[in-house]
Amino acid sequence: MGGGNAQKSAAARERKNKDQGKTPEERAIAKAKAAKDKDGFKCKICMTTFMINVKPPTLYLHMTSKHKDTTDPYLCFDSMKDYDPEDPEGKKAA
């Protein structure tokens with residue numbers, strides 16, 4: 001009576017498929033998302049890019065340290081239009 005290795009073969013097949021990683025379509029989607037996130041914020045003066053997860057106080061710090069003659073954060077970053085350095089969390093406006 002022959003022994004069955006179906007379970008062993010299925011496990012090996014599953015491991016092989018797992019090791020192959022992402023499909024080309026998945027890689028293209030991940031690459032596009034990473035490129036979009038990388039250019040989350042771009043300074044309009046010096047073209048420095050910041051990741052999408054950077055907080056407004058960090059962007060304000062960039063403006064005050066790199067562009068000392070600039071007083072309006074909007075001149076560097078569109079998203080900083082109504083930013084108040086005295087209220088970085090935006091609690092006073094609420």
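The values are calculated or read from the model by the stated rules, or taken from the named source; none is laboratory data. Because the structure is a prediction, the values reported are computed rather than measured. For neighbour counting, all protein chains shown are included, and Cβ atoms are generated from backbone atoms with ideal geometry for every residue, glycine included. All accessible areas refer to the heavy atoms of the entire protein, side chains included, with ligands and DNA or RNA removed. Shrake-Rupley method; radii C 1.70, N 1.55, O 1.52, S 1.80 Å.
For residues that are out of contact with any strand residue (DSSP E or B) (no Cβ under 9 Å at 6 or more places or on another chain) and either among the hydroxyl-bearing types (S, T, Y) or under 15 Å from S79 (Cβ atoms) (or both), tally how many sit in segment 37-60. Count: 8.
Name the single residue, out of those in segment 15-70 being β-branched (V, I, T) and within 16 Å of the chain's Cα centre (by Cα), that is farthest from K81 (Cα to Cα).
At the first step, the residues of segment 15-70 found to be β-branched (V, I, T) are 23, 29, 45, 48-49, 52, 54, 58, 64, 70.
Checking which are within 16 Å of the chain's Cα centre (by Cα) leaves us with 29, 48-49, 52, 54, 58.
On the way: I29: 31, T48: 18, T49: 18, I52: 17, V54: 16, T58: 15 Å.
So the residue we want is I29.
Looking for something at pLDDT 90 or above, among the basic types (K, R) and either open to solvent by 50 Å² or more (accessible area, probe 1.4 Å) or out of contact with any Asp or Glu (no Cβ under 8 Å at 6 or more places or on another chain) (or both) - is there at least one such residue anywhere in segment 54-77? Yes; the residues of segment 54-77 include at least one that is at pLDDT 90 or above, among the basic types (K, R) and either open to solvent by 50 Å² or more (accessible area, probe 1.4 Å) or out of contact with any Asp or Glu (no Cβ under 8 Å at 6 or more places or on another chain) (or both).
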